[in-house]
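Have a look at the structure below, then the notes.
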Amino acid sequence: MKWMKAFKNWLRAGKRALKRLPPVVIPGVFVLRVLRGWYAYRRILRSCPMEEGWRVWFMDYDGSGDTYLSCGYLRSRGLLGPKDAFAGSGGPAMRVARLFGFGRYAQVKPGAALCVRFMERFYGRPLELQPLLYESEYLEYSGLFRHFAGWRGLDFMAMLKIGLEANCGVPYEEGPWQQPEFPYDGAELDRLFAENGLLPGRTALLAPYAGKSDLWGVPMSFYEDLAGRLKEAGYTVCTNSGGGPKEPPVPGTVPLLVPYRLIRPFCERAGVFIGLRSGLCDMISAANCRKVVLYTGLEIPSVTASHREFFSLNNMGLCEDAVEVEITGENRETIAEMTINLIIKG
């Protein structure tokens, strides 16, 4: 949308103006960024003392999909043991990390984790943490990696593996990897379907939200239209939503916030997943169900590939059967028709 692009340009101009402010702002940056990061770093080290043999994997961004992919990849390589700890902010990243059974968890306040990186750059040498994201590395490489993103097909998963090798010494391994499956109670899944009146094999889970409960410009009416057509075809439809003003369910659908540990088996029993590209898509990528993933014209600063190319589930080797489409104001009806035909006619 034009107003969103104009707003982003305004923010960038504001950042450039701040960089030209006189040195009087330096103490403020030191207190609000560097010092805050130092206190968070000390808290992490107190929780997981290095002298006791703890290896701390650090996530500075509160992303559910990033955490799932990085921790899942490390587990597939046999690198997570009882003396491995996870440190990050207390949000989706921490909830996902707890599924992997780390030996210990160190939680800091939202935003403080990113400040640890500011402190590291001020400090001028690597910290005693294993950074999980390729953008989180020490000084010389900071900014350089992200400018390679998308170059000659370097998608997010490739960049993540490169970062883990450069920053943590995990040898790069080409190709797909075994995605994790988390233990769950089948009876709990039975109750979830029964209590919400959902039909196994004929249920569609809609996931219209990504990053901070944003619709990314796809109107709710698009999902409402999809839900209506699916119900006419005999499907039950639910929205992955906890309800409330931030994430209201698609009108006419059942609001249902599926726990992360159940999301893959839930989609397999439901049969259909339709969602905006988010971390949830990473977690259901290996599910044996019909998957339609929607992308918008979102631009990623410094990445040479499009959002769809860089984060494609198929390109990243997470699956081969996801239908991934970019949705615009002009092709919404076409995408809706294609989605319904795919689900109903196969």
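Checking the stated criteria, residue 83 turns out not to satisfy the condition of being more than 20 Å from residue 157 (Cβ to Cβ), of a type outside the set (Gly, Ala, Ser), within 22 Å of the chain's Cα centre (by Cα) and surrounded by fewer than 18 Cβ atoms within 10 Å (Cβ to Cβ). Checked against the criterion of being farther than 19 Å from residue 260 by Cβ, acidic (Asp, Glu), assigned to a loop (DSSP other than H, G, I, E, B) and in contact with an Asp or Glu (Cβ under 9 Å, 6 or more places away or on another chain), the stretch 117-130 contains not a single residue that satisfies it. Would you confirm, using the coordinates I've provided, whether residue 118 is out of contact with any strand residue (DSSP E or B) (no Cβ under 7 Å at 6 or more places or on another chain) and either under 23 Å from residue 76 (Cα atoms) or surrounded by 19 or more Cβ atoms within 10 Å (Cβ to Cβ) (or both)? So residue 118 passes the test.
For the stretch 270-290, a residue qualifies if it is in contact with a strand residue (DSSP E or B) (Cβ under 9 Å, 6 or more places away or on another chain) and closer than 28 Å to residue 134 by Cα, and the qualifying residues are 275, 276, 277, 278, 279, 280, 281, 284, 285, 287.
Please go through (1) without any contact (Cβ under 8 Å) to a residue 12 or more places away in the chain; (2) of a type outside the set (Gly, Ala, Ser); (3) more than 15 Å from residue 205 (Cβ to Cβ) for residue 328 and return the number of the only condition it doesn't satisfy. Result: residue 328 passes all but (1).
Search the stretch 182-209 for residues being out of contact with any helix residue (DSSP H, G or I) (no Cβ under 7 Å at 6 or more places or on another chain) and among the small types (Gly, Ala, Ser), and hand back the single one that is modelled with the lowest pLDDT. The qualifying residue modelled with the lowest pLDDT is 186. Do we have residue 100 as among the aromatic types (Phe, Trp, Tyr) and closer than 19 Å to residue 112 by Cβ here? In short, no. Select from the stretch 156-167 the residues that are crowded, with 16+ Cβ neighbours inside 10 Å, modelled with pLDDT of 90 or more and over 22 Å from residue 308 (Cβ atoms) and list them in ascending order. Passing the criteria: only 164.
Of all residues assigned to the stretch 303-316, none qualifies as being at positive phi and not acidic (Asp, Glu).
The values are calculated or read from the model by the stated rules, or taken from the named source; none is laboratory data. Every value quoted in this text rests on a predicted model; they were computed, and no experiment measured them. In this analysis, Cβ positions are derived from the backbone assuming ideal geometry, glycine residues included, and neighbour counts consider all displayed protein chains.
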